[in-house]
1. For residue 54, are the conditions met, namely being surrounded by 15 or more Cβ atoms within 10 Å (Cβ to Cβ), over 18 Å from the mean Cα position of the chain (by Cα) and modelled with pLDDT of 95 or more?
2. Condition first: surrounded by fewer than 23 Cβ atoms within 10 Å (Cβ to Cβ) and not in a loop (DSSP other than H, G, I, E, B). Now tell me which residues in segment 57-78 satisfy that.
3. Given the condition out of contact with any strand residue (DSSP E or B) (no Cβ under 9 Å at 6 or more places or on another chain) and either assigned to a loop (DSSP other than H, G, I, E, B) or within 23 Å of residue 252 (Cα to Cα) (or both), answer yes or no: does some residue in segment 131-140 qualify?
4. Of (1) more than 28 Å from residue 187 (Cβ to Cβ); (2) loosely packed, with under 15 Cβ neighbours inside 10 Å; (3) without any contact (Cβ under 8 Å) to a residue 24 or more places away in the chain, residue 81 satisfies all except one. Which?
5. Take the residues in segment 51-103 that are touching a helix residue (DSSP H, G or I) at 6+ places or on another chain (Cβ under 8 Å) and of a type in the set (A, V, I, L, M); name whichever of them is nearest to residue 5 (Cα to Cα).
6. With the requirement that a residue be among the polar types (S, T, N, Q) and more than 30 Å from residue 214 (Cα to Cα), what does segment 122-169 give you?
7. Within segment 31-51, is even one residue surrounded by fewer than 18 Cβ atoms within 10 Å (Cβ to Cβ) and either touching a Pro at 6+ places or on another chain (Cβ under 9 Å) or closer than 23 Å to residue 262 by Cβ (or both)?
8. Pairs needed: first member in segment 96-114, over 23 Å from residue 141 (Cβ atoms); second member anywhere, surrounded by 13 or more Cβ atoms within 10 Å (Cβ to Cβ) and of a type in the set (Lys, Arg); C-beta distance under 7 Å; at least 6 residues apart or different chains.
Amino acid sequence: MRIATWNINSVRLRMPIVEQLTKEVAPDVLCLQETKVDDPQFPFDAVRALGYEHVAINGIKGYNGVCILSKLPLENVGRHEWTGKADGRHIFATLPGGIEIHSLYVPAGGDEPDREINDKFGHKLDFVDEMTTWFGANRKASDKIMVVGDLNIAPLEHDVWSHKQLLKVVSHTPIEVEKFTAAQNAFGWVDCMRKFVPDDEKMYTWWSYRSRDWRAANKGRRLDHVWATPALAQNVGGMRILSDARGWEKPSDHVPVIVEVAA
């Protein structure tokens, strides 16, 4: 089973590159974040024309929004309203073989890493705190579960282009990294990307639109993640970051991450 995750930054605007991804990579399951469309206006016909007959969505007009597109049947579709907000950040479903997959979009957190002056940063910290407790309270770590998506935190030194320069920049601040690591450890999540790339090797999934030549500057961050419970992580046999997608026509600022999973 080939699973891809991608913050698409408006699914309707970027259907041409969604189609390009499906032609180049042919994922069986495609999880998108920041779809920016409410459910009735979702491009069902377009995604089904690409072979994704099974669609689970949680959308909001104009911002946020997540979905799971699958060539395989989806069962037990659900969502959780994190921090009590119905803001389109979570959708999950069960795939064949009993694999439960979650498409998750963690708040970006605004520009100032101080919750006293920036409510968005406070919301982000509360969201990650809830990730630390919710899975343990509602799921079994012995089951086959995968979380994919834009988690909006680059936790490791080599998940950013400059650890020193980004310590006070939202997405890599010590408090975010601390809470992110706590959420990961609380449920025993395995970082399926770093399973294939050593911690001391640079790895990015996002490059700012502000960079005129993103490839030459290469000031990236790893904001997109694939986590799995140990029971499932042992079946993850490959991982790929499709960096070239950042250079496609009208690109997202994120690129797809693809994993190969044996059911």
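The values are calculated or read from the model by the stated rules, or taken from the named source; none is laboratory data. On a predicted model such as this, the values are computed, not experimentally measured, just so you know. Note that each Cβ is placed from the backbone with ideal geometry, even for glycine, and that neighbours are counted across all protein chains shown.
1. Numbers: surrounded by 15 or more Cβ atoms within 10 Å (Cβ to Cβ): yes; over 18 Å from the mean Cα position of the chain (by Cα): yes; modelled with pLDDT of 95 or more: yes.
The answer is yes for residue 54.
2. Here is the first cut: in segment 57-78, the ones surrounded by fewer than 23 Cβ atoms within 10 Å (Cβ to Cβ) are 59-64, 71-78.
Matches in segment 57-78: 75, 76, 77, 78.
3. Keep residues of segment 131-140 that are out of contact with any strand residue (DSSP E or B) (no Cβ under 9 Å at 6 or more places or on another chain), which gives 132-134, 136-138, 140.
Pick out the ones that are also either assigned to a loop (DSSP other than H, G, I, E, B) or within 23 Å of residue 252 (Cα to Cα) (or both) and you get 140.
Looking for residues that are out of contact with any strand residue (DSSP E or B) (no Cβ under 9 Å at 6 or more places or on another chain) and either assigned to a loop (DSSP other than H, G, I, E, B) or within 23 Å of residue 252 (Cα to Cα) (or both), one finds at least one in segment 131-140, hence yes.
4. Exception for residue 81: condition (1).
5. 69
6. Keep residues of segment 122-169 that are among the polar types (S, T, N, Q), which gives 132-133, 138, 142, 152, 162, 165.
132, 133, 138, 142 - these are the residues of segment 122-169 that are among the polar types (S, T, N, Q) and more than 30 Å from residue 214 (Cα to Cα).
7. yes
8. The qualifying pairs are 107/120; 107/124; 109/120; 109/124; 110/120.
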